[in-house]
Amino acid sequence: MINRLRQASIWLLIAGLLSVTSATLITGVIPISALVSILLTWIILGFWGWGLRRGWQRLSSQPRGKVKRWLWAIGCLALLPAVFFIILWSVRPDLAERQFHLPQSVVYDFIANHQVTERLVDPALFKVERWNIAGDERQVLFVHPAPGGSTALMYPIKVQSRVTFRTSIAVAPQAWAEGGDGVAFSVYVEDDAGFHLLYSQYVDPKHQQQDQRWLPVEISLAEFEEKLVRFILVVNSGPAGDRSYDWAGWGEPRLERPSWP
């Protein structure tokens, strides 16, 4: 009886998986991405477990089999990170990039292309500088809010696949001890459907010590892939409308995509 159950176990698992799949497709209780993840995990880990077991059994009958068995087991365990990476990449490539810190390549450098937006901005409100904050020196797009309250840098861009916008925002250290009420940073994308606010952050290092640093920004542009858009970086004066020493900086703004795979 036990042997029969062992022989039938694989088919019972398959039947159970098919039942979950059909129920999910009918009711929509579990997202398709989660279902794909379950399926891939089941298949890949199933083959991994089968290979570990078969290798262990075969090596047990060989000379010095004990040592070889443990080496085989250690090798199989070392493959687990790769197994989970394949599963995660298949379902959520954006999450895989962040968790495994994949090498990135720059596909668009906003500082190198600052001439694109330079002619649209008052020269007194916009320039390229280098700032050093807590020993971390970066090239920045320096922007000051206009008398109307805001200044926008506009870049026409064709968004490639799997692209992420990355930068670090800050207020110049020379302004921290001066007057004013901080700066609001915003990122917009304009396409055929209109304007989309992707990010907004109020930074006030003059009154908030935690803002006296580079603040990292990371925005996925997956929803705009293969579209020609206007990418817009905006700085606004603080809530009181005080433009004093609103020396805002976008540190090394760029679009990146994974170099591999």
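Amide H neighbours of Asp246 under 5 Å, at least 5 residues apart or on other chains, H built in the peptide plane: list them.
Placed amide hydrogens put nothing under 5 Å from Asp246.
Which far-off residues, 5 or more places away or on another chain, put their amide H under 5 Å from the one on Ile169, with H placed in the peptide plane?
Leu215, Val217, Gly251
Distance between Cα centroids, region 221-237 to region 168-217: provide it in whole Å.
16
Per residue of region 186-202, in order, report the coupling 6.51 cos²θ - 1.76 cosθ + 1.60 (Karplus, θ = phi - 60°) as ³J(HN,Hα) in whole Hz, putting x for Gly and Pro.
For region 186-202, the Karplus curve yields 9, 10, 10, 10, 10, 10, 5, 8, x, 8, 10, 7, 9, 7, 8, 8, 8 Hz.
Compare the Cα positions of His196, Gln115, Ala146 along the charge dipole of region 105-258 (+1 at Cβ of Lys, Arg; -1 at Cβ of Asp, Glu; about the Cα centre) and return the one farthest towards the positive end.
Final value for the positive-end residue is Gln115.
If you add up the charges near Arg254, with Lys and Arg at +1 and Asp and Glu at -1, over every other residue whose beta carbon is less than 12 angstrom from its beta carbon, what do you get? Write down the numbers at each step before the final one.
Values: positive: Arg138, Arg166, Arg257; negative: Asp109, Glu218, Glu252, Glu256.
That sum, taken over residues with Cβ under 12 Å, equals -1.
Check Gln104: other-chain or 5+ apart residues with amide H under 5 Å from its amide H, H built from backbone geometry?
For Gln104, whose amide H was placed from the backbone, the distant partners under 5 Å are Ser259.
Only the coordinates and a few stated rules stand behind these numbers; no lab work does. As the structure is a computational prediction, the values presented were derived from the model and not from experiment. Glycine gets a Cβ as well: all are built from the backbone with ideal geometry, and neighbour counts include every protein chain shown.
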